[in-house]
Structure formats: structure tokens, C-alpha cells
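Asker: What follows is a structure written as C-alpha cells; I'll ask about it next.
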Amino acid sequence: MKKRVVTFGEILMRLTTPDYKRFTQTNNLQVEYGGTEANVALALANWGVPTAHITAFPNNDLGKSAYNYLRQYGVNTEHIVFNEGRMGLYFLESGAMQRTSKIIYDRFNSAFANIDPILIDWNSVLEDVEWLHWTGITAAISANAAKMCLDALTVAKKKGIIISGDINYRRNLWQYGKTPLEIMPALIEKTTVVVSGLIDFENCLGINEKEYIKTCEAVVAKYPSIKKITTTYRTTVNSSHNKLSGLLWDNGTIYESSLYDMTHIVDRIGGGDAYMAGLIYGLLHKESNDALEFAVASSVLKHSVPGDANIVSLEEVEQLAAGKNIGKLLR
């Protein structure tokens, strides 16, 4: 039986200015859909992993369009809820060269934020599941979303499911009267694989170390359920030129990936989600060092693809991780 993965989180309608135009000069916007957890699900489904995404959409044509977006890429949608509320939006102005990209969020009172936790039966959703993925963005959206996330993790831990969490601290999202330090520790303590930078750990766990390895040791000493901690290192030369590598702390063993020089970035959005999808796939099918290389290669390729999701083949990621067929014309 193939290993099943479930992801949980909001999907937004993405509205992008075309041709690198500024918000103030464009007369039209390109419509796409994306969300950090759904981006992970879509990449995995594209690589042949049976994947389901749990979310809520408004019961209108926009919600149905987002629903169909998941279905067309093979993501299981049977547990998605159609709910009161609106479609969350975000607007993107893509930067180039020395001009930075800009994002404006408009997601207040969305159908996902308003979801009633009793609408999802996690025992049923997580039956025969190998891996569950969540992010700190979901916990920050609303009290209901945070409660659902905790419910999911509680059931998953009882079932022995691998749980990954991308802490993803976003200061401006925490608007419902709770702080990350009140919500996140209970979620992180149930998690097996954590994606986090130093700032995330400081704001969500109150752990303030200057060195990443010492931080990993401090986190695991406090939360022994965590077996692996990972992060990416990005050097931003400008909007079009970044360098990227990854690090994986695996039960005390440190793995570091190859360094990639990305000189002509097409779309940076979703690069972290592509890394997470690659890491999940890698840890399900490979040894830790190869899993890390696969994850970073996945993220690098995403930077060449417009939109939120990493629509690249398994073969393309494998070849880049192995240093083959880089930029060649394949016939």
C-alpha cells in the first residue's frame, strides 16, 4: 500500500500583477490558487503520493473553482467542507532585480477561519494515514482553526502517524486574542518533524539561542517527540538572484545540502512549501541525507515555475539532486 499523506490549512485565491507590473500600473490580475499546506499536498500528489487536503471553502463559484483546482492535480478532496464566509485572497506584485516583491493579504472572516471544528471527524480522515502536515499559519488564522489543528494532531499522535509542522511565524496573522506562545507549544510538542528558523523558535517557543544546532538541542530537550528539525538558508542577492541550501538535524546528526545559485528566479512564492513536500517525500522513500538533497532540489525547481505550486516531475527533482540534465534541452 502506498503511503498516504494528509495536509490541513487554508487555500487563498492569488491575484498577481502580470509581466512584473506594479499594483499601481496594472489593469488586470492573474487568478491562481494556493496555500502553504495545499501546495505541499499538490506537489506530493504530482509525484504519485496518495494525498488528501482538509480545508473549508465558501459555498459559491469561487470555492468550487478552488476545489476543482485541487482535484485536477489528483489531491483527494472528499473531506473538504463548504462553509459560511468568503474566499481568502492575497495580491502579489512580483519584484525583479533590486525591486522587492510585495504581498497584500485580504483573508479576514474567510470560510476557513469560520470553520466549526466538529465538522471534521479526524479519526475517519486519518485512518490508514502515514503522515500529517500542518503549519503555524493555520494556528494563527482563528481560534477555530487552531482548535482543529490541535484536534488533528492529538488524533494523529494516538495513531502513531508522523507529524510535520512548519512553524512559519507570521506576526500580522495573530489577531484573535491569542499569542503564539499560548497556542504553538501544545502543537509543537506533538510534532515529529519541525521546520523552523531561529526567529520562529523564539516567537513560538520562547527559546532564544544564537546558534541553530544549540537551538535544536534545546528544543528536543523540552519536546522529546521531535526527531528531526530542518531549515533552509537563503542568501538574497536581489529579487531575481538568491542562493539556497538546507540543513537537517536528525536525532543529533547534522546533514547539510548542496548550495544552489538561482540567478533568474521566475516565482519565489511556494519555495518553502516545495522544500517541505520534497522533505516529506524524501523521508518516506530515502535516507536522511538524500531526503535533504531532494527537498532542496525541489525548492530550487519551484523558483522556475510560476504560481504557488511546484508542478515539476519526480524525475526532474531526482536529476537535479543528482546534478544531471541541469538546464538542458530534452528531446
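The values are calculated or read from the model by the stated rules, or taken from the named source; none is laboratory data. The shown structure was predicted, so the numbers you read here are calculated from the model rather than taken from an experiment. So basically every Cβ, Gly included, is an ideal-geometry build from the backbone, and we count neighbours across all protein chains shown. All accessible areas refer to the heavy atoms of the entire protein, side chains included, with ligands and DNA or RNA removed. Shrake-Rupley method; radii C 1.70, N 1.55, O 1.52, S 1.80 Å.
Asker: Take segment 250-273 and flag every residue that is among the aromatic types (F, W, Y) and under 16 Å from S298 (Cα atoms).
Answerer: Y260
Asker: Show me the strands (runs of 3 or more DSSP E) found entirely inside segment 9-68 where at least 1 residues are free of Cβ contacts under 8 Å to residues at least 60 places away in the same chain and open to solvent by less than 50 Å² (accessible area, probe 1.4 Å).
Answerer: 51-54, 56-58
Asker: Still on this structure, please answer the following. Which condition does I162 not pass, out of (1) of a type outside the set (D, E, K, R); (2) surrounded by fewer than 23 Cβ atoms within 10 Å (Cβ to Cβ); (3) in contact with a strand residue (DSSP E or B) (Cβ under 8 Å, 6 or more places away or on another chain); (4) farther than 20 Å from T231 by Cα, if it passes all the others?
Answerer: For I162, the failing item is (4).
Asker: Now, a different point. With the condition being within 24 Å of V5 (Cα to Cα), among the aliphatic types (A, V, I, L, M) and modelled with pLDDT of 95 or more, I'd like the helices (runs of 4 or more DSSP H) fully within segment 160-225 carrying at least 2 qualifying residues.
Answerer: Hits in segment 160-225: 180-188.
Asker: If we scan segment 219-229, do we find a residue that is among the aliphatic types (A, V, I, L, M) and within 20 Å of the chain's Cα centre (by Cα)?
Answerer: yes
Asker: Considering only segment 142-175, how many residues are without any contact (Cβ under 8 Å) to a residue 24 or more places away in the chain and charged (D, E, K, R)?
Answerer: 1
Asker: In segment 284-305, how many are touching a residue at least 60 places away in the same chain (Cβ under 8 Å), surrounded by fewer than 24 Cβ atoms within 10 Å (Cβ to Cβ) and either within 18 Å of S94 (Cα to Cα) or not hydroxyl-bearing (S, T, Y) (or both)?
Answerer: So the count comes out to 2.
Asker: Hey, does segment 89-103 have a residue that's within 19 Å of H53 (Cα to Cα), among the hydroxyl-bearing types (S, T, Y) and assigned to a strand (DSSP E or B)?
Answerer: For segment 89-103, residues within 19 Å of H53 (Cα to Cα), among the hydroxyl-bearing types (S, T, Y) and assigned to a strand (DSSP E or B): absent.
Asker: In this structure, is I269 touching a His at 6+ places or on another chain (Cβ under 6 Å) and either open to solvent by less than 70 Å² (accessible area, probe 1.4 Å) or farther than 17 Å from G165 by Cβ (or both)?
Answerer: no
Asker: Turning to a different aspect of this structure: Search segment 177-190 for residues that are in contact (Cβ under 8 Å) with a residue 12 or more places away in the chain and pair each with any residue that is open to solvent by 70 Å² or more (accessible area, probe 1.4 Å) and in a helix (DSSP H, G or I) when their beta-carbon atoms are under 6 Å apart and the residues are at least 6 apart or on different chains.
Answerer: K190/K157
Asker: Continuing with the same structure: For F82, only one of the following conditions fails: (1) surrounded by fewer than 16 Cβ atoms within 10 Å (Cβ to Cβ); (2) under 21 Å from the mean Cα position of the chain (by Cα); (3) in a strand (DSSP E or B). What is its number?
Answerer: Among (1) surrounded by fewer than 16 Cβ atoms within 10 Å (Cβ to Cβ); (2) under 21 Å from the mean Cα position of the chain (by Cα); (3) in a strand (DSSP E or B), F82 violates only (2).
Asker: Still on this model: Considering only segment 269-283, how many residues are over 13 Å from the mean Cα position of the chain (by Cα) and touching a residue at least 40 places away in the same chain (Cβ under 8 Å)?
Answerer: 2
Asker: Among the residues of segment 69-79 satisfying the criterion of being part of a helix (DSSP H, G or I) and in contact with a strand residue (DSSP E or B) (Cβ under 7 Å, 6 or more places away or on another chain), which is nearest to L42 (Cα to Cα)?
Answerer: Of everything passing the filter in segment 69-79, L70 is nearest to L42 (Cα to Cα).
Asker: Let me ask something additional. From K159, K178, grab the single residue that is closer than 25 Å to S110 by Cβ and basic (K, R).
Answerer: K178
Asker: Same structure again: For segment 123-156, which residues satisfy the criterion of being part of a helix (DSSP H, G or I) and surrounded by fewer than 22 Cβ atoms within 10 Å (Cβ to Cβ)?
Answerer: N123, S124, V125, I137, A143, N144, K147, L150, D151, T154, V155
Asker: Given the residues M276, M262, which is the only one that is touching a His at 6+ places or on another chain (Cβ under 6 Å) and open to solvent by less than 20 Å² (accessible area, probe 1.4 Å)?
Answerer: After ruling out the rest, the residue left standing is M262.
Asker: Within segment 238-255, work out how many residues are touching a residue at least 24 places away in the same chain (Cβ under 8 Å) and within 22 Å of N310 (Cβ to Cβ).
Answerer: Summing the residues that are touching a residue at least 24 places away in the same chain (Cβ under 8 Å) and within 22 Å of N310 (Cβ to Cβ) in segment 238-255 gives 10.
Asker: Related question: So, in segment 95-149, of the ones that are among the basic types (K, R) and in contact with a strand residue (DSSP E or B) (Cβ under 9 Å, 6 or more places away or on another chain), which residue ends up nearest to G63 (Cα to Cα)?
Answerer: Among them, the one singled out is R107.
Asker: So for segment 48-56 (the condition being modelled with pLDDT of 95 or more and polar (S, T, N, Q)), does at least one residue qualify?
Answerer: yes
Asker: Could you please find all residues in segment 218-250 being open to solvent by 10 Å² or more (accessible area, probe 1.4 Å), polar (S, T, N, Q) and within 17 Å of I207 (Cβ to Cβ)?
Answerer: Answer for segment 218-250, where residues must be open to solvent by 10 Å² or more (accessible area, probe 1.4 Å), polar (S, T, N, Q) and within 17 Å of I207 (Cβ to Cβ): S225, T231.
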